1. Mind listing whichever residues of the range 218-228 are surrounded by fewer than 19 Cβ atoms within 10 Å (Cβ to Cβ) and either at pLDDT below 95 or under 22 Å from the mean Cα position of the chain (by Cα) (or both)?
2. With the condition kept exactly as written, say whether any residue in the range 238-249 is in contact with an Asp or Glu (Cβ under 9 Å, 6 or more places away or on another chain) and of a type in the set (A, V, I, L, M).
3. Do you know which residues across the range 1-47 are part of a loop (DSSP other than H, G, I, E, B) and of a type in the set (S, T, N, Q)?
4. Could you say whether any residue in the range 119-129 is in contact with a His (Cβ under 9 Å, 6 or more places away or on another chain), part of a loop (DSSP other than H, G, I, E, B) and surrounded by fewer than 19 Cβ atoms within 10 Å (Cβ to Cβ)?
5. Exactly one of (1) outside any loop (DSSP other than H, G, I, E, B); (2) closer than 24 Å to residue 164 by Cβ is unmet by residue 95. Its number?
6. For the range 243-261, give me each residue that is surrounded by fewer than 17 Cβ atoms within 10 Å (Cβ to Cβ), on the phi < 0 side of the Ramachandran plot, in a loop (DSSP other than H, G, I, E, B) and not charged (D, E, K, R).
7. Could you pull out the residue among 20, 39 that is within 29 Å of residue 133 (Cβ to Cβ), surrounded by fewer than 19 Cβ atoms within 10 Å (Cβ to Cβ), modelled with pLDDT of 95 or more and not charged (D, E, K, R)?
8. Please pick out the residue among 107, 133 that is surrounded by fewer than 17 Cβ atoms within 10 Å (Cβ to Cβ), modelled with pLDDT under 95, assigned by TED's automatic domain parsing to the domain that holds residue 32 and among the acidic types (Asp, Glu).
Amino acid sequence: MTSLPPAVLPGRRVLSLTGPDTVSFLQNLLTANVARLSPGEATHAALLTPQGKVLCAFFVHRTEEGVLLDLPPGQDAAIGQRLGLYKLRAKVQIEARGDLAVHVGDEGPDGAVTDPRLPALGKRWLAGPAAPESDAGYDARRLDLGVPEFGRDYEAGAVFPMDVNLDALGAVDYKKGCFVGQEVASRMFRKGEVRKRSWQVRGDALAPGAPVTAGGSTLGEVTSTRDGVGLALLRVDRVAAAAEPPMCGDDPVTLTPPSYLP
């Protein structure tokens, strides 16, 4: 893999949650086990719809004062509003932190955390916007590792956590107790109902939204790509049953499950 120099990821926003009920509030909402975090630690997590689909996926950073949420571009207002609806009487204050940007790199300052999904994704930290804005290096790294990204590979309410590998990337704790959408997500996990997965795809004619086919069967579609490497959301049963090589348009492609998948 090429190096990942320090950069600010453009468009990502930070929300601060403080108050005595912050951790318990998030513990009852999110898929990850927020209660296990100590100050200075982070986890990847998702907020689901009651039907068990991913409303948003983001990072939770524990601090001495509370929690900082590292959110995808364009999601700060929607997630802030949704958390406000769930807050009711909980003693939690939600505040936008426009003074903080999301930084990534192979190395980081004191306080940087290793990406909780995969160590090979490098470091993440929240600080003032002092570095150049660029997602090129990060995007190439995550595609090389086969890691789907909210807003690039899937949108709000479109997929279940297992479809986009969130379970395998440490964002879902099925043992921690209740969270929004838990009943559906846990049932799929217990029954082993993995109908879709995000796999790596390589080829010369990849484009987001392009169908991946084999013979007369549609296996899925490309969700993001860069320099001939991408991700595709696939029906795993159709991939297993395919009797002909996979294609994207008239061009052959190679499909590979990411190495972190069980």
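1. 221, 226, 227, 228
2. No: zero hits.
3. Within the range 1-47, 2, 3, 28, 31, 33, 38 meet the criteria.
4. The answer is yes; a qualifying residue exists.
5. Here residue 95 meets the rest and fails (2).
6. Our first condition is that a residue be surrounded by fewer than 17 Cβ atoms within 10 Å (Cβ to Cβ); within the range 243-261, this holds for 243-245, 249-252, 254, 256, 259-261.
So of that shortlist, the ones also on the phi < 0 side of the Ramachandran plot come out as 243-245, 250-252, 254, 256, 259-261.
Remaining after also requiring in a loop (DSSP other than H, G, I, E, B): 243-245, 250, 259-261.
Correct list: 243, 245, 259, 260, 261.
7. 39
8. On the way: 107 fails: modelled with pLDDT under 95.
Result of the check over 107, 133: 133.
The values are calculated or read from the model by the stated rules, or taken from the named source; none is laboratory data. Source: prediction; values computed, not measured. Please note: Cβ atoms are built from the backbone with ideal geometry, for glycine as well, and neighbour counts cover all protein chains shown.
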